[in-house]
Amino acid sequence: MTSIGGLDVAYGARMQVVRTNVMCLALADTGLANATTVPKFILNTYKEALKGTVIEPDFLYIYEISEINVSSGYTTAAVMDGLFNQDNSGDGTADTTALEVNGVLRDIRQTPLAVNSAFADTTAAHAAFSAATPLHTYDNINGNLALESVLSLSAFALDDTAADQAATGVFSDNASADTNAMAGLFPQAIQGLAFKDVYDNATASTGGNLDAGSKNTGMHKGPFTVDLTTALQQLETGPAIATGAAAATVDAFTASTSFGTIAAAITGDAGIISMTSFAKVV
């Protein structure tokens, strides 16, 4: 996360202009097995290589090609458990399931505005490759940065030593099977989905319970995460991301694998989504 600027007024409001960069890597087959090491290697390599630039990635999201928000990018549920489940009490049982671990993102539908800016209070189930990954419910997510407005949104593909913006779509294909990702590369779509969650929580029995006559009792604040599926859809529709990398190739990356080697291996299989937003420090 890059804090581009801040706003402090006499009434004590604390507002930040925040840039959130998400590197997305599509896999073509089987899913990632070395989940506790390889994603960290990839993200750290790109962060170090692009350090201090406007495109330095904050997060890495690994998923199955053409299955943007309905499929795990990992071989088994146990592999995801090992990466995202947190045993905070040290009793050998998971207490929570992280939204992200050191920038490795669990699901692009629940992307925090910054690393360590949002967290879940409960555990959530995981799934094997090609199976749907359950999300946390809105009322179980808290954080220290809450979205106020999405100011801009962009995306581009990573083609080895070059970036491809021309192949990034602007409008998604209406024939897409993913009805949640048909809105185009627009900040209004991201903001609208986030604000929808706020209203849905206000009326839910687990939230404000307004529909049952409550007067805002227990209503959850936020939103602390955003759903970036509409942006990722454009990278595939373009098609800037077309085939997906071979899982065996990605699984073989180590801490000593160079940026050049990784970039060549995932050319046309990855991209970066960049969102600039106005956020409140909670």
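The values are calculated or read from the model by the stated rules, or taken from the named source; none is laboratory data. All figures in this text were calculated on a predicted structure; none of them were measured in a lab. Please note: Cβ atoms are built from the backbone with ideal geometry, for glycine as well, and neighbour counts cover all protein chains shown.
Here is how the numbers come out for the structure above:
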item: Filter pass, Ile42 being within 29 Å of Thr237 (Cα to Cα), buried (at least 22 other Cβ atoms within 10 Å of the Cβ) and among the β-branched types (Val, Ile, Thr); result: yes
item: Count of residues meeting criterion [without any contact (Cβ under 8 Å) to a residue 60 or more places away in the chain and under 13 Å from the mean Cα position of the chain (by Cα)] in the range 97-107; result: 5
item: Residues of the range 108-149 classified as within 13 Å of Ser72 (Cα to Cα), part of a loop (DSSP other than H, G, I, E, B) and touching a residue at least 40 places away in the same chain (Cβ under 8 Å), total; result: 8
item: Count - residues of the range 101-130 that are buried (at least 16 other Cβ atoms within 10 Å of the Cβ) and farther than 12 Å from Phe224 by Cβ; result: 15
item: Set Thr217, Thr267, Thr249, Thr257: member being of a type outside the set (A, V, I, L, M, F, W, C), under 30 Å from Ser152 (Cα atoms) and either surrounded by fewer than 24 Cβ atoms within 10 Å (Cβ to Cβ) or modelled with pLDDT under 90 (or both); result: Thr267
